[in-house]
1. Looking at (1) in contact with a strand residue (DSSP E or B) (Cβ under 9 Å, 6 or more places away or on another chain); (2) within 14 Å of chain A (Cβ to nearest Cβ); (3) modelled with pLDDT under 90, which is the only condition residue B:37 fails?
2. Output the residue which, of all residues in segment A:57-72 that are within 14 Å of chain B (Cβ to nearest Cβ) and part of a helix (DSSP H, G or I), is modelled with the highest pLDDT.
3. Looking at segment B:278-320, which of its residues are touching a strand residue (DSSP E or B) at 6+ places or on another chain (Cβ under 9 Å) and assigned to a loop (DSSP other than H, G, I, E, B)?
4. Right, residue A:52: part of a helix (DSSP H, G or I) and surrounded by fewer than 16 Cβ atoms within 10 Å (Cβ to Cβ) or not?
5. Let me confirm something: among A:90, A:108, which residue is away from every other protein chain (no Cβ under 13 Å) and closer than 22 Å to residue A:48 by Cα?
6. Hey, residue B:176 hits all of (1) away from every other protein chain (no Cβ under 14 Å); (2) modelled with pLDDT of 85 or more but one; which does it fall short on?
7. Taking residue A:81 and the conditions (1) within 14 Å of chain B (Cβ to nearest Cβ); (2) outside any helix (DSSP H, G or I), which numbered condition does it fall short on, given that it satisfies the others?
8. Among the residues of segment A:116-135, which ones are assigned to a helix (DSSP H, G or I) and within 14 Å of chain B (Cβ to nearest Cβ)?
């Protein structure tokens, strides 16, 4: 039987759901990593989420441009929204792949700050996804969410340098210093990208006239 | 009448309709607000040019320049006026500049009137009266679109809360705008055609239906070949959404219609360009660079078409 064509909204909803699940899994795996309980095979789950998100993104774009409606600028903006969100899961996948080959246990001296950093990572991505969902119906609330992302990024920036300071001062093995700082930077890049995307959302909200 | 003369009149009629089509900016706000692509616009304009010409173009317009010239209005004068008007329209269309066909026509009349009848060859009072409205047209367009944008945006922004509601409202505006612009294109084609076929039908040179088909095709090919440039140029003067395009286009069209009923010669092209400038001012958005070129062409339209008419007159009487 021929599969029923899904609506734009259904695909978008599933796309967002997959990113959320992906970031939750990543957060969980980072927690396991901090607690020295990481099962590296589970990181493959993130790669699968990323692949699924790519398929959903393609399906969404196809539907977006197939629907010959009379407002291409909204179509263009929706296209940018989904491709921007896809870059988040791409960056999360990069963290997962890196973590898979990272050869050390996390240094004990950074564990507490790393936990906070991990929390900010989860919150930033979750807020961004929520922002992308509510921008459809509520510009004001979406703007507030975008501001939250900015706040998380700022805090993450402080934490990143706190961690790096400890790593550079306390860890003696140069390879471990280099690889750990690289891991922190990759996680921070996800949060930073969230802020960039949220800035784009804020630009959209300002661009469209609303009450 | 010999064949070469019939062919000359036919050629002039095609050139005029081509020139008018080439400077037709009716669909520019549809292009600017991205309601349709240029390809879709060209298909629609061709359809409406042909339909409008065929169904509304039968009322052949009065002799060109009748009210303005104090000299005898011969075939050579009419042909000169029409050719120089068409030449100036094509020239400005090549540079993507929308101009007023009336201005170019009156410029040609002034040129030929001065050349043949001197200072007393023209009804200066009437020309002065018209000039007053030429200056006033863009000012009216600017002010009206500024005010109408403020009112419409106040009304619609209260209803926009997210992307979905924005899309819904803009969709409504885009359909309304599209219907109105199509009707305008339909009636404009009829009006333009009646100007272009006057020289053919008035002399019973060819069958009116054939004349209408030729004129309609001339209009459509003018839009396709050069009109697209004018449409793109005017449509991108400022950033447009269907609702903002509506607030610039519709009050202007209504005023133009009222002006026509009252016999006030307002220029549609000037009003539209000025209303888009007014809109960008009201929205505090960026305007396209190079507007000075449009204003410059507007200013030189009358002297340039006057000069063209003088230059064209002798070749025309040679043929006649």
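1. So residue B:37 meets the others, but not (1).
2. From segment A:57-72, those within 14 Å of chain B (Cβ to nearest Cβ) are A:64-65, A:67-72; that's our starting set.
Going one step further and asking which of them are part of a helix (DSSP H, G or I), we end up with A:64-65, A:72.
On the way: A:64: 85, A:65: 82, A:72: 68.
The residue in question is A:64.
3. Narrowing segment B:278-320 to residues touching a strand residue (DSSP E or B) at 6+ places or on another chain (Cβ under 9 Å): B:279-281, B:283, B:285-288.
Listed by number, the residues that qualify are B:285, B:286, B:288.
4. Numbers: part of a helix (DSSP H, G or I): yes; surrounded by fewer than 16 Cβ atoms within 10 Å (Cβ to Cβ): no.
Here the answer is no, as residue A:52 does not meet what is asked.
5. It is A:90.
6. For residue B:176, the exception is condition (1).
7. All conditions pass for residue A:81, except number (2).
8. Listed by number, the residues that qualify are A:130, A:131, A:132, A:133, A:134.
The values are calculated or read from the model by the stated rules, or taken from the named source; none is laboratory data. Everything numeric in this text was worked out from a predicted model, so none of it was measured. With ideal geometry, Cβ positions are generated from the backbone for all residues, glycine too; neighbour counts draw on all protein chains shown.
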